[in-house]
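Q: Here's a structure for you.
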Amino acid sequence: MTAAIYLRKSRSDEGDPDVLSRHRQTLLDFAQQQGLCIAQVYEEVVSGSSLYLRPQMLRLLEDVGALRYDAVLCMDIDRLGRGDMTSQGIILDTFRHAGCKIMTPRRVYDLNDEMDETYSEFEAFMARQEYKLIVRRMHRGVLAAAKEGAHVSEVPFGYVRAWQGKRPTLEPDPYAAPWVQTAFALYAGGQGCQRIAGLFNGAGVPPKKSAQWSRTAIRRILQNPVYTGTLLYNRTCFQRKKRASDTNRAVERPKEEWIVVKDAFPALVSQQQFDQVQRQFTSRSHSSYFTGEFKNPLAGLVFCGHCGQKLQRQYQPSKGGKPVLLCRTAGCSPSIPLASLEQAVLGALARESDRFQNLGPVTQGERQKQGALEALNGELHRIGMQKGRLCDLLEQGIYSAEDYARRQQELARREKEAQNQLHQLEQARKIEMCCVDKPAISPLEYYDRTKDINEKNKLLRCLISRVEYYRIKDGSRQFSLTIYPLEK
């Protein structure tokens, strides 16, 4: 009897780094007692209530649907998932149609048996209710702390984490705080966000997340009331993605639900200066910025061939108000009209169609794999950020040397597991692309079928991985492109 093992941490296990190892050994011993042959172990390192944020579960469901296992072992049935009813239904239906049993040390579930099916659905329902209760309690605790002036969100640039007893708060960062004040002073004096970002980059000011400062990052600083010492919480909520093709979106809550605490921590700018900057924002015109929906079909694909920076979509009055793509490095490549560059890319696709894979309809399985890849890449990004903050926590005395070493080891383990899972998914996609015959279709024909910019961008990302744009300031409008096909 061929079986697989599925492992996943619950919220109560977050502080225990060895819980998955213990669960693995328990289930291996159980399999030996039952005379099962374990063909694969699926170990989840990405948490989340949404099915499409759990790449190992997506792989398991695909393999179960392909009738590769007679049973799947897990510690409890709720480890398979206690997300929304849609996700639970997909999981249980996959096991039911495949005739695959769910085995736990406490009970064996055969979903083709009416009693077992009813019991599994009841347990899934109860697990979902328990999950919602835990989330509600945590949310209530966080809201209560925020109302008392505790800063419970991410530390903004210009501040460092501080504590008043057990309550988290903020203190000015001796290095970064003057730069925040400089940004407000420059903008109030007539400078724009792009120019201020260039000044920060030229001075070598390290941003919190990205490799360099952008006009969007400066805009967020200038519009954030936290720098007046005001704690603002519960302003937005996230609509989490339900499908692999979705994106998480921040939706603003009604103002009566906001938590506003004045003078919660030291201010970096006065309320008068902050209000002046906001008035200037409303009176000036600003370049467009990302709002959650693409307005550029080439978004994320075009890079400057000279400096390697991504080209940004902007409007320039000198170009007749039409969108252009501009290199963010000052004095580098001249801007190019978006329409001209789009036509050049499509023309290259048409002329060199033999270099690019033909594109067919995107299946649900492919969407799931893409969602899994995005989730793992996001996990690796978060781990990288956490590793970067470890040294700061050690230097500030928040972590001891022993805590630092233990945490570093745990992050290295999680990073290796995520990289292994990412490699497995990518290999599976390559094998599938070689084995599945897809109907031939011209990229230009497929591109012209939709006017949806998001769909156009997704299509191009299925064909190409990168476009390098070359142009020099010689007064001519000549430019060249190097297009790299997507490796499959």
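The values are calculated or read from the model by the stated rules, or taken from the named source; none is laboratory data. Owing to the predicted nature of the structure, the values given are computational and were not obtained by experimental measurement. Reconstructed Cβ throughout: ideal geometry from the backbone, glycine too, with neighbour counts over all protein chains shown. Surface accessibility is based on the protein's heavy atoms, side chains included, excluding ligands, DNA and RNA. Shrake-Rupley method; radii C 1.70, N 1.55, O 1.52, S 1.80 Å.
Q: Order 116, 93, 18 by their accessible area, 1.4 angstrom probe, all chains in place, largest first. Each step should come with its number before you reach the end.
A: Details: 116 25, 93 65, 18 85 Å².
From most accessible down to least: 18, 93, 116.
Q: Ratio of alpha-carbon Rg to the 2.2 N^0.38 Å globular estimate for region 85-175, to two decimals, please.
A: Numbers: Rg = 22.4 Å, N = 91, 2.2 N^0.38 = 12.2 Å.
Rounded to two decimals, the normalised Rg is 1.84.
Q: Right, next: For region 272-283, what does the Karplus curve 6.51 cos²θ - 1.76 cosθ + 1.60, with θ = phi - 60°, yield as ³J(HN,Hα) per residue in whole Hz, taken in order and with x for Gly and Pro?
A: 5, 5, 4, 5, 4, 5, 5, 5, 5, 4, 6, 8
Q: With θ set to phi - 60°, apply the Karplus curve 6.51 cos²θ - 1.76 cosθ + 1.60 along region 447-452 and write out the HN-Hα couplings as whole Hz, x wherever there is a Gly or Pro.
A: Ordered by residue, 3J(HN,Hα) equals 5, 7, 6, 10, 9, 6 Hz.
Q: Would you tell me the accessible area of residue 107, worked out with a 1.4 angstrom probe on the heavy atoms of the protein chains, in Å² to the nearest 10?
A: Residue 107 has an accessible surface of roughly 80 Å² with all protein chains in place.
Q: Just to verify a number: what accessible area does residue 472 come out at with the full protein assembly present, 1.4 Å probe, Å² rounded to tens?
A: 100 Å²
Q: Still on this structure: Filter the cross-link list 208/387; 295/451; 208/262; 295/458; 310/456 down to pairs whose alpha-carbon distance in this structure exceeds 21 Å.
A: Details: 208/387 13 Å; 295/451 11 Å; 208/262 25 Å; 295/458 12 Å; 310/456 18 Å.
Among 208/387; 295/451; 208/262; 295/458; 310/456, the Cα-Cα distance tops 21 Å for 208/262.
Q: Keeping all protein chains in place and using 1.4 angstrom, which order do 126, 57, 385 fall into by accessible surface area, from largest down? If you can, show how the numbers build up before the last one.
A: Details: 126 90, 57 0, 385 45 Å².
Largest to smallest exposure gives the sequence 126, 385, 57.
Q: Quick one: which residues, 5+ away or cross-chain, put their amide H under 5 Å from the amide H of residue 5? H built at 1.01 Å from N.
A: Result for residue 5 returns 40, 41, 42, 73.
Q: Quick check: with the 1.4 Å probe, what order do 97, 23 take by accessible area, largest first?
A: Values: 97 150, 23 25 Å².
Most to least solvent-accessible, the answer reads 97, 23.
Q: Going by amide H atoms built from the backbone, whose H comes under 5 Å of the H on residue 170, apart from near neighbours?
A: Amide H neighbours of residue 170: 162.
Q: Let me spell out the model: positive unit charges on the Cβ of Lys and Arg, negative unit charges on the Cβ of Asp and Glu, origin at the Cα centre of region 111-167. What dipole size does that give, in debye rounded to 20? List each step's numbers first, then the result.
A: Numbers: 9 positive and 9 negative charges, 206 e Å.
It works out to roughly 980 debye.
Q: Among DSSP beta bridges lying fully in region 49-197, give the percent that are antiparallel, nearest 5. Could the numbers behind the result be given before it?
A: Numbers: 8 of 11 bridges.
Expressed as a percentage, antiparallel bridges in region 49-197 total about 75.
Q: Residues with amide H under 5 Å of residue 303's amide H, sequence separation 5 or more or different chain, H placed in the peptide plane at 1.01 Å from N; which?
A: Amide H neighbours of residue 303: 311, 467, 468, 469.
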